[in-house]
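Presented below is the structure to which this report refers.
The values are calculated or read from the model by the stated rules, or taken from the named source; none is laboratory data. If you're wondering where the values come from, they're calculated on a predicted model, not measured in any experiment. In this analysis, Cβ positions are derived from the backbone assuming ideal geometry, glycine residues included, and neighbour counts consider all displayed protein chains.
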Amino acid sequence: MNDSQPQPSQPPHQQHPVGLYLKVWLLLFVLSTFSYLVDYFHVQGLWRWGLIVVLMLLKAGLIVAVFMHMAWERLALVCAILLPPAALLVLVGLMASEASHTLLSRLLFFK
């Protein structure tokens with residue numbers, strides 16, 4: 001190999017500070033504690049499931065953003081990974097509302 005040719009420079013290795021990961025671990029611990037407190041204080045009904053789902057989605061979002069490094073990825077990759085599950089959730093919600101409507105129609109007209 002000829003030493004006179006310049007070598008391609010390697011990009012510097014990017015490393016995230018440990019403090020960021022510790023803060024996320026602490027926040028995950030706090031969110032898990034809130035999730036536990038929902039059961040401890042016997043929250044019932046729609047509030048219970050709403051709080052559990054919101055806390056679960058917050059924890060999943062933190063894990064995906066920080067530990068899977070999605071917060072630092074290109075927008076196209078983030079959209080390619082996050083939009084299909086979001087679309088599926090919307091479709092499942094539409095199917096659930098349609099199922100409720102169908103059940104109520106059958107109960108009303110087929111006694």
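Being part of a helix (DSSP H, G or I) and surrounded by fewer than 10 Cβ atoms within 10 Å (Cβ to Cβ) is the filter here, so list the residues in the stretch 66-83 that pass it.
Leu75, Ala76
Would you confirm, using the coordinates I've provided, whether Ile81 is closer than 26 Å to Leu22 by Cα and either touching a Phe, Trp or Tyr at 6+ places or on another chain (Cβ under 7 Å) or not assigned by TED's automatic domain parsing to the domain that holds Lys23 (or both)? Let's see the steps before the verdict.
Values: closer than 26 Å to Leu22 by Cα: yes; either touching a Phe, Trp or Tyr at 6+ places or on another chain (Cβ under 7 Å) or not assigned by TED's automatic domain parsing to the domain that holds Lys23 (or both): yes.
In short, yes.
Among the listed residues Val38, Val43, which satisfies the condition of being of a type outside the set (Lys, Arg), at pLDDT 90 or above and not in a helix (DSSP H, G or I)?
On the way: Val38 fails: not in a helix (DSSP H, G or I).
Sole residue among the options that is of a type outside the set (Lys, Arg), at pLDDT 90 or above and not in a helix (DSSP H, G or I): Val43.
Please count how many residues of the stretch 14-61 are of a type in the set (Gly, Ala, Ser) and at positive phi.
If we filter the stretch 14-61 for residues that are of a type in the set (Gly, Ala, Ser), which is where we start, we get 19, 32, 35, 45, 50, 60-61.
Next, from what is left, pick out any that are at positive phi: 45.
Within the stretch 14-61, residues that are of a type in the set (Gly, Ala, Ser) and at positive phi number 1.
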